[in-house]
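Some notes on the structure that comes next.
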Amino acid sequence: ERGLGVKRDIIAAIESYSEAAEKDEVKSIYRLGKLFHDGLEVKQNLDEAISWYSKAAELGHLESKVNLATIYYEKGEYEKALALFQQTAETDVRAMVALAVMHEEGQATQRNPEKAIELLTKAAELKYEVALYQLGLRYFEGKNVTQNKEIALNLIIKAADMGYQAAKDFLENN
């Protein structure tokens with residue numbers, strides 16, 4: 001698939017992954033889901049991605065669960081997304097942030113701004129740039145926390161220093 005040392009041949013990669021997937025090799029199952037999810041080497045097909053990610057998720061693959069949850073969230077299937085984000089939020093910072101948004105917005109769950117801030121804080125403490133930025137915005141705006149622009153800017157600067165473009169843009173414009 002990546003074409004390391006050989007001409008890139010996506011069809012051969014898909015065939016190889018499919019053969020391995022038949023043997024329940026979880027990484028190959030995940031890669032098939034990712035190929036169809038991203039739609040970079042092949043035409044994006046979310047139904048196909050869901051199918052592969054679901055199989056890998058059943059085999060316990062964390063990344064597949066998070067990606068599957070993300071697809072469900074983007075499709076507005078919040079109950080399915082919530083269940084998967086809850087399963088993965090203890091160990092995956094992306095799931096923590098997504099779950100925080102769901103709690104903040106009351107999507108498929110009771111609105112719980114305190115839980116949202118708790119989850120964002122936990123992900124920020126783990127140095128996840130999206131969480132640093134999102135938590136910083138909340139401090140900047142005083143959304144669900146006491147407004148504190150010093151804390152806000154410190155968090156956003158950390159995210160920008162990590163290369164997070166939205167944080168860089170915020171600092172440039174504020």
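Here are some notes:
- For the chain, the longest principal axis of the Cα atoms and the long axis of helix 129-141 meet at an angle of about 30 degrees.
- Only Lys, Arg, Asp and Glu carry charge here, each on its Cβ (+1 for the first two, -1 for the last two); on that basis the chain has a dipole of about 280 debye about its Cα centre.
- Listed residues Thr70, Ala57, Ala13: farthest to the positive end of the dipole of the range 8-137 (Cβ charges): Thr70
- Reachable lysines from Lys80, criterion Cα separation under 26 angstrom, eight or more residues apart if same chain: Lys27, Lys34, Lys43, Lys55, Lys65, Lys115, Lys122
- Taking all protein chains together, Asp9, Asp92 sort by accessible area into Asp9, Asp92, largest first [probe 1.4 Å].
- The mean sequence distance of close C-alpha pairs (under 8 Å, at least 6 residues apart), as a share of the length of the range 1-145, puts its relative contact order at 11 percent.
- Relative contact order %, the range 55-122, counting alpha carbon pairs below 8 Å whose residues are six or more apart: 21
The values are calculated or read from the model by the stated rules, or taken from the named source; none is laboratory data. Note that the structure is predicted; figures quoted are calculated from it, not measured. With ideal geometry, Cβ positions are generated from the backbone for all residues, glycine too; neighbour counts draw on all protein chains shown. The accessibility values were calculated without ligands, DNA or RNA, using every heavy atom of the protein model including side chains. Shrake-Rupley method; radii C 1.70, N 1.55, O 1.52, S 1.80 Å.
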